[in-house]
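The values are calculated or read from the model by the stated rules, or taken from the named source; none is laboratory data. Note that this is a predicted model, so its numbers are computed, not measured. We place every Cβ from the backbone using ideal geometry, glycine too, and count neighbours over all the protein chains shown.
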Amino acid sequence: MLRNKPNSAFWILPLTIYGIVFGFAETIALAGNCFGWWENCWSRQDSGLYMEIAQQGHTLIHCGVENGYEEGSEKWCGNAGWAPFYPFLIFLFNKITSLPLAICGVLISHACFLAYLYVCSSLLEIKSWNISNWLTLLMCAICPGGFYFFSIFPMSLVVLLISLLFWSIQKNRWQFAGLVAFSLALSYSSALLIYFCIGVYLIFLFIKNYKGRKLKFLGIEIQKQFSGHDLFRKVFFRLFAPGILGIFTLYVYDYLVTGHWDAMFKVQSKYGHLLYSPFKHLGGHFKLLVEHQNTILAWIDFHNIFFFFAIPVLIVGILNSKGPIIPLIVIFVIVMWYIPFSIGINVSLYRGISLLAPCMIFLHPLRPVKKMSILLVFGVFYYFLGVLFILSILK
C-alpha cells in the first residue's frame, strides 16, 4: 500500500529505476561475453588511468619510443590529461575501506548514479507512481552513453554535479551551488564547457533584463544588473565565479604536481583536436558509416549521425518546459553536443552525450507515448554501444 504513504514514490522510485537499469547493464555485459562482476566488466580503456592516478598521482613526461612516438618527439604523455577529482575519491575510499582500487571506483560510480537519480526525482517533484514519472526517470537513466555510469569513469560523478547545478537554479537553492560549480572543473575535461554555457546564459540574462534602447555605458549597466537582478547576480557569483576559481585551482594543482600549469592541455593536445564546422565532420561520419557497413562498428557512426539531427528535436521537446533555467538547458545541449562533434572525427561522442542525461528531466511535459518513443531509441543505442564498450571497442 505504498500509494497511501506520503512521498514513498520519491524515495523508492529512483532506487527501483537504479535496479532496473543496472540489470539492463549487466545483460549488456553478458551479451559482450563478460561473465564477471563489478570491475571485471566495467573497467575499460581509460579506467586504468584513473586507477593509476589514484595510486601514484599525476605524471607528465615527453612521449618517447615506448609510447609509440619517434625519438625526440615534442609531444607530451602521462596521465596528467585526466582530471583529479574522481581518482581522488577512489584514493580516499581505498584508504578508508582498504578495498581494491577497482572496486572503489565502481562503487563510487554506482553511488553517484543513484544520487543523480534522487536529484532528478527532486527536480521532477515526484509524489506519485504515475507512468509519466517512470518514463522521465528512465530517460534520465538510459540516456545514450549511460552505461558509463556503472564503469570506472567519472561520468556518473559529472552528471550528478550537473544535475545539482540545474537543481540549484530551478529550486532557487544556492547553498551548495558554488561548491558544485567549483568541483566540475576538477571532474572531467569536457565539463569545462559548462562554464562557457553559463557565460552565454549570463549574456542572455543581461539582454533579457536590459530595458534601454541603446547601450551607452556597459559598466554602469552591468552594475545595475548585479544590484537589481537577483538571478543574474546569483548565477555570476554562485556558478560562474566559482567555476573560474575551479579552473584556476586545476592549473595550480597541475603546476604543483607536474611543474606545468597547462599539463592537462599538453597531454590532450597530441590528439590534434581543433574546432571545425560540425558539417565538415558530419560528412566524415557518413564516410565511416559506409566503410563499417555490415559490421558492429557501424553503430558508432550511426549514433553520431543520428544525434546530429536528433538534438534539435530534443531541444524542441525541452522548450515545452517552463522556468528561468530553460534557456541555460538549451544552450547546454547545443554546446555540449555540437562543440565535441566539431573538434574531431574520433572524439568519443558516445561518452560525451551521456553528459546530456540531466537535460532529459526537462522533457517531462511530453506525453507518455512520446517519452516511450524516445526511451526506445535511447535503449537501442544504450544496448549496442554498451556491448561495444564491454568488448573494449569504444576508445
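Overview of results
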{"read-out": "Which listed residue is surrounded by fewer than 17 Cβ atoms within 10 Å (Cβ to Cβ) and in contact with a Ser or Thr (Cβ under 7 Å, 6 or more places away or on another chain), from Y210, Y271, Y276, Y255", "value": "Y276"}
{"read-out": "Top-ranked residue in segment 308-322 [being touching a helix residue (DSSP H, G or I) at 6+ places or on another chain (Cβ under 6 Å) and in contact (Cβ under 8 Å) with a residue 40 or more places away in the chain; ranked as surrounded by the most Cβ atoms within 10 Å (Cβ to Cβ)]", "value": "I318"}
{"read-out": "Residue within segment 340-358 that is surrounded by fewer than 19 Cβ atoms within 10 Å (Cβ to Cβ), within 23 Å of F113 (Cβ to Cβ) and more than 17 Å from the chain's Cα centre (by Cα) present", "value": "no"}
{"read-out": "When residues of segment 289-305 are limited to those that are β-branched (V, I, T) and out of contact with any Phe, Trp or Tyr (no Cβ under 7 Å at 6 or more places or on another chain), the one surrounded by the most Cβ atoms within 10 Å (Cβ to Cβ)", "value": "I296"}
{"read-out": "G243 under 21 Å from P340 (Cβ atoms), under 26 Å from the mean Cα position of the chain (by Cα) and surrounded by fewer than 17 Cβ atoms within 10 Å (Cβ to Cβ)", "value": "no"}
{"read-out": "Answer residue from segment 316-332, given it is among the hydrophobic types (A, V, I, L, M, F, W, C) and in a helix (DSSP H, G or I) and is nearest to the chain's Cα centre (by Cα) among those", "value": "F332"}
{"read-out": "F88 within 30 Å of L124 (Cα to Cα), outside any loop (DSSP other than H, G, I, E, B) and within 20 Å of the chain's Cα centre (by Cα)", "value": "no"}
{"read-out": "3 or more residues closer than 21 Å to Y253 by Cβ: qualifying helices (runs of 4 or more DSSP H) within segment 129-241", "value": "155-170, 177-184, 193-209"}
{"read-out": "Top-ranked residue in segment 49-78 [being part of a loop (DSSP other than H, G, I, E, B) and under 26 Å from the mean Cα position of the chain (by Cα); ranked as nearest to D262 (Cα to Cα)]", "value": "L60"}
{"read-out": "Residue selected from segment 270-284 under the condition within 28 Å of L49 (Cα to Cα) and more than 21 Å from the chain's Cα centre (by Cα), by the criterion modelled with the lowest pLDDT", "value": "G272"}
{"read-out": "Residues being more than 17 Å from T27 (Cα to Cα) and either within 19 Å of the chain's Cα centre (by Cα) or aliphatic (A, V, I, L, M) (or both) - total across segment 361-395", "value": "12"}
{"read-out": "Count of residues meeting criterion [in a helix (DSSP H, G or I) and in contact (Cβ under 8 Å) with a residue 40 or more places away in the chain] in segment 242-264", "value": "14"}
{"read-out": "Selection status of V333, more than 24 Å from A357 (Cα to Cα), touching a Leu at 6+ places or on another chain (Cβ under 9 Å) and surrounded by 14 or more Cβ atoms within 10 Å (Cβ to Cβ)", "value": "no"}
{"read-out": "Complete set of residues in segment 342-391 that are of a type in the set (F, W, Y) and either in a loop (DSSP other than H, G, I, E, B) or closer than 25 Å to K322 by Cα (or both)", "value": "F362, F378"}
{"read-out": "Options L117, L99; residue that is of a type outside the set (D, E), touching a residue at least 24 places away in the same chain (Cβ under 8 Å) and either part of a loop (DSSP other than H, G, I, E, B) or touching a helix residue (DSSP H, G or I) at 6+ places or on another chain (Cβ under 7 Å) (or both)", "value": "L117"}
{"read-out": "Cβ pairs under 7 Å, 6+ apart, first in segment 368-388 and farther than 13 Å from F147 by Cβ and surrounded by 19 or more Cβ atoms within 10 Å (Cβ to Cβ), second at pLDDT 95 or above and not aliphatic (A, V, I, L, M)", "value": "K371/T136"}
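Residue by residue, here is whether (1) among the hydrophobic types (A, V, I, L, M, F, W, C); (2) over 22 Å from R351 (Cβ atoms); (3) in contact (Cβ under 8 Å) with a residue 24 or more places away in the chain holds:
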{"position": "F10", "(1), (2), (3)": "yes, yes, yes"}
{"position": "T16", "(1), (2), (3)": "no, yes, no"}
{"position": "A25", "(1), (2), (3)": "yes, no, yes"}
{"position": "N33", "(1), (2), (3)": "no, no, yes"}
{"position": "W42", "(1), (2), (3)": "yes, no, yes"}
